[in-house]
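Report on the structure given below.
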Amino acid sequence: MSVNLSKDCAEDILREMTVEEKAALITGGLPYGTAANERLGIPNALLNDSMAGINFRQLFADYCAMETGENILVSLRRCEKILQQLRETHEIHPEELDDTAMVAYEAIKKHLNGNVEQTYQVTSFPAGNLLGSTWNPQMVFRCAEALAREFDVFGVDVILTPNVNIQRDPLGGRLFESYSEDPYLTAELGAAFVRGIQETGILADPKHFAVNNHEKERKGINVHVQERALREIYFPGFEACVKQGGAKTFMSAYNKINGTACSANGELLTKLLREEWGFDGIVISDWGGVYDSVEAIKAGNDLEMPQIDNRSEVLKALKDCRLSMEELDLTVLRILKCLKEMPCVKGHRYYEIDTQHSQEAAYRAIAEGIVLLKNQEQVLPLKIDASVNMVGEGVHTLLECGGGSAEVLRKRSESLYECMRAKAGVSAIENWEEIETSDADYVVLVGKSRGQEGVDRAAMLLDQEDQEFVVHTLKKAKEEGKKTILILNIAGPVDMREYEAYADAVLCVFIPGCQGNRALADVIYGDVNPSGKLAITFPKKYEDCPTFGNFPGYNASVWYGEGIYVGYRYYDTKQLEPAYPFGYGLSYTRFSIHDLKLEKNIFEEENIRFSVDVTNEGDRDGKEVIQVYIHQNRPFLQKPQKELKAFKKIEIPANETRTAFFELSPRQLASYDEKLQAFVTEPGIYTIQVGNSSRNIQVEAEIAFRCADPYGYGEQTRIATIWSDERCREIYRKYFEDKCSIDMYNDLLGYTPDYPVGKALRERIPAEAYASPREKDENISAFFDELARIDLGKLDF
Ligand code: BGC
């Protein structure tokens, strides 16, 4: 009886499989896709990058390999010329292709049903750093949904995104792909992206799990990082992609964590991801990120990419009992089940690109993600008849996407110059290569900083030629009495000290995709009121960064010495003034946040509910991001000065007020305790701080939160703490005075004040003072029961 994956259940298919077939399924069968098995009705599934749009390099290589059966290198080589044509002319010219490339071209034509022109229609969507600054999960969802529809047209099954790695250091080469330095914001947006993709039936692939925060020595670098930092900073984005996003695949990272490669890390891929978070999809390795195929299977890495033939290795491991058939079957079954969820098996495809749908989603996200950093004397928005000189090459060619797997080859977009001219008319806009004598009152220029997979940025500056150009042009323009508008088109924060004073307005558009110019022109002329907020701090200078000295590591090791103090958690706690803080961004109107109303002042292990009123005090409609931070007064565990716990972006018409409601769970007050191996919420006084940036808290209120105290007096409390509290000494005397004098501990107090008091008591109180060991135990337990009831005053306002 013949089986087929589209109609039979995964278990039945598994039963039919030979061991060779199993071994073939767990590694890529294509450069960017899985292996097909005709006998069992298993098709190839195509995996493709990225959050910014379709990757033709990968797609064409797969189409080609599907026809020829050739390997990744040959397939990529056959596609090179076609990609070059696309890059240079935005079209494919088959008449200029040689025989080698023609094979690829024929394969592409076949897979696109002759409609090769379809490739010219694709959209490049905003990169993660732009999406991060929207602070709007709904916009992010829409972008992801529109993006996935385009992939669907090309037959893709899994999109290798979102990148929910934390923006640890401004120089990280792939910083532009990810959302934020903050785990909560990353989690909310990452999960929205996953939902948006999977809404279409295509699967998302959150990556790179985990702590893949820079490019240098990315394959195999050992990240030394505290468990607390993993739990509080680096994991929440991934956890949300599973729990809130329902992600069906996950990508393991290239690096090692505390000595173990992510792809061979059972703690990470099985214990945490599957057992703790409940993930039931497949883990796909990063390309070339498996260093031991058998270890990877055992750890829970299901699919090894790219296409390699490791059948003999797997078969040998089975023979040597390094791998059991149960272990192999578990992985194969997971892959089969996951394939059943993919469009290649399930069917349902979009047949045409809906350019308008895509571009609208991209445009709206960009319009919400552009950040107005500076607007001296309300130089923006420009009046439509203002005379403008647009200087330099950037106004013609914005950087629309980053380099590497997130590069999208598409036709040229309308430039900023063209978009502004279309709005203001030919007579209002001039354009010069360099700043020269011109009568225009305003100067607009673009400064770029590229981002590239595989290399970190060399300095926290604009690209060298732009740095010089921007400094020179801004200074010159100011000498001539012009108003200056600088657009930052950047992969990550830049040090602006050399030129910021000469810019009247600064707009940051990050890496926006093909709708960036249109959205920028609309912001410049005020058709869109900017509402983007920084999702990453702009430090004044690189040396201020928490990672300075610990980035990007050396000799295949990097130490995350800053621990949980990433981004504003560090700048705020250290009281270091940034250039532009986390959460910051101006508007053409003014908002005030007021009237923080708490449901009550004392909460007993329950959700904390409150509301604030937000007034648009200006005469222009606008959107504001209400940001809720929590500060704990006198915590037991060291904590950052404040942490983002909730946010809401709301639209408020001019001169109107809206109320924003919030609810925080006790878990949101918790921090991870490495000793207790758990997130713990302390009873105590917390300050709820609400503002429109991390450095502009407009209202705050204290609440008391009551719950069992994980840090009340107990056996583990340090002896010096107990001995310094007269109430404890009195209880000690009551229980043990006749057995062991309180002075018998002076040496411990002097030399090891951190000694756990329980241990001290058990060691020092003589057994002979009791009739039996049990009696001693009971006496000590009674002492601790009484100690635990001491009120530590944590709830005093
Ligand atoms: C990157 C991944 C990407 C993969 C496939 C790797 O080099 O790290 O992010 O998805 O290639 O293109």
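The values are calculated or read from the model by the stated rules, or taken from the named source; none is laboratory data. Bear in mind that the values here come from a model prediction, so they are computed numbers and not experimental data. All Cβ positions, glycine included, derive from the backbone under ideal geometry; neighbour counts span all protein chains shown. Ligands, DNA and RNA are stripped out before the accessible areas are found, and what is left, the full protein with its side chains, is counted by its heavy atoms. Shrake-Rupley method; radii C 1.70, N 1.55, O 1.52, S 1.80 Å.
Specify, per residue and in Å³, the volume enclosed by the convex hull of the alpha carbon atoms belonging to the range 382-532.
Numbers: hull volume 16.2 nm³, N = 151.
It is 107 Å³ per residue.
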Q) Distance from the Cα centre of the range 544-581 to that of the range 629-670, in angstrom? A) 23 Å
Q) Hey, what's the per residue convex hull volume over the C-alpha atoms of the range 719-788, in cubic angstrom? A) 79 Å³
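Per 0.36 nm of contour for each residue apart, how much would the distance between Leu330 and Lys383 grow if the chain were fully extended, relative to their Cα-Cα spacing? It would help to have the intermediate numbers written out before the result.
Details: separation 53, 0.36 × 53 = 19.08 nm, distance 6.46 nm.
That works out to 12.6 nm of additional length.
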Q | Computed over the range 591-706: relative contact order in percent, which uses C-alpha pairs under 8 Å that are six or more apart | A | 32 percent
Q) Tell me, what is the FRET efficiency for Asp747 and Arg727 to the nearest 0.05, using R0 = 25 angstrom and their Cβ-Cβ distance as r? A) 0.60
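Applying 1/(1 + (r/R0)^6) with R0 = 45 Å to the Cβ-Cβ distance of His594 and Arg322, what FRET efficiency is obtained, to the nearest 0.05? Write down the numbers at each step before the final one.
Working: r = 66 Å, r/R0 = 1.46.
Computed FRET efficiency for His594 and Arg322 comes out at 0.10.
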Q: State the extension gain, in nm to one decimal, for the chain segment bounded by Arg15 and Tyr351, taking 0.36 nm per residue of separation less the distance between their alpha-carbons.
A: 117.4 nm
**Q.** Out-of-range pairs (alpha-carbon distance over 26 Å; input Lys540/Lys639; Lys22/Lys340; Lys739/Lys759; Lys423/Lys541; Lys476/Lys623)
**A.** Lys423/Lys541; Lys476/Lys623
(Q) Classify the range 583-624 from the C-alpha gyration tensor, please: rounded if a/c falls under 1.5, else prolate or oblate depending on whether a/b exceeds b/c. (A) prolate
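Multiply the residue separation of Glu267 and His224 by 0.36 nm, subtract the distance between their alpha-carbon atoms, and state the gained length in nm to one decimal.
Values: separation 43, 0.36 × 43 = 15.48 nm, distance 1.55 nm.
Here the answer is 13.9 nm.
Percent of alpha carbon pairs in the chain separated by more than 43 Å? Write down the numbers at each step before the final one.
Details: 115547 of 317206 pairs.
Value for the chain: 36 percent of Cα pairs lie more than 43 Å apart.
Of the listed peptides 529-539, 217-227, what is their order by residue-averaged count of other C-beta atoms within 10 Å, with the highest listed first?
Details: 529-539: 27.2, 217-227: 18.4.
The packing order, highest mean first, is 529-539, 217-227.
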Q) Once the range 183-236 is represented by equal point scatterers at the alpha-carbon sites, with solvent omitted, what log10 I(q)/I(0) does the Debye formula produce at q = 0.20, 0.23, 0.31 Å⁻¹? A) -0.84, -0.95, -1.19
Q | Residue (of Phe193, Tyr745, Ile159) at the positive-pole extreme of the chain, dipole from beta-carbon charges | A | Tyr745
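Report the Stokes-Einstein translational diffusion coefficient (µm² s⁻¹, integer) for the range 591-706, Rh taken as the Kirkwood radius over Cα pairs, at 37 °C with viscosity 0.692 mPa s.
On the way: Rh = 14.9 Å.
The calculation lands on 220 µm²/s.
Kirkwood hydrodynamic radius (Cα pairs, Å) of the range 53-190? Intermediate values should be presented prior to the final figure.
Details: mean 1/r = 0.0601 Å⁻¹.
Value: 16.6 Å, from the Cα pair sum.
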Q | Of all DSSP beta bridges in the chain, antiparallel share, percent nearest 5 | A | 55 percent
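So if we plug the beta-carbon distance of Leu676 and Lys110 into 1/(1 + (r/R0)^6) with R0 = 56 Å, what FRET efficiency do we get, rounded to 0.05? Before the final figure, lay out each step's value.
Details: r = 59 Å, r/R0 = 1.06.
In this case the efficiency is close to 0.40.
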Q: Would you calculate a helix-derived [θ] at 222 nm for the chain, using -39,500 (n - 2.57) for each DSSP H run of n ≥ 4 and dividing by the full residue count, to the nearest 500?
A: -9000 deg cm²/dmol
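Whenever you get a sec, line up His93, His396 from highest to lowest accessible area (probe 1.4 Å, protein heavy atoms). Don't skip to the answer; put the middle values down first.
Working: His93 40, His396 65 Å².
Largest accessible area first, the residues go His396, His93.
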Q. So what is the relative contact order for the chain, in percent, with contacts set as C-alpha pairs under 8 Å and at least six apart?
A. 12 percent
**Q.** Average Cα contact separation per residue, the range 683-749, under 8 Å, 6 or more apart, as relative contact order %
**A.** 22 percent
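Of the listed peptides 730-741, 372-383, what is their order by residue-averaged count of other C-beta atoms within 10 Å, with the highest listed first?
Working: 730-741: 14.6, 372-383: 17.2.
Answer by packing, highest mean first, reads 372-383, 730-741.
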Q.
Once you place label points 7 Å from the Cα toward the Cβ at Glu737 and Ala654, how far apart are they in nm?
A. 7.9 nm
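Highest mean first, what order results for 619-628, 127-136, 401-410, 714-723 on Cβ atoms within 10 Å?
On the way: 619-628: 20.4, 127-136: 29.9, 401-410: 22.2, 714-723: 17.6.
Highest mean packing first, the order is 127-136, 401-410, 619-628, 714-723.
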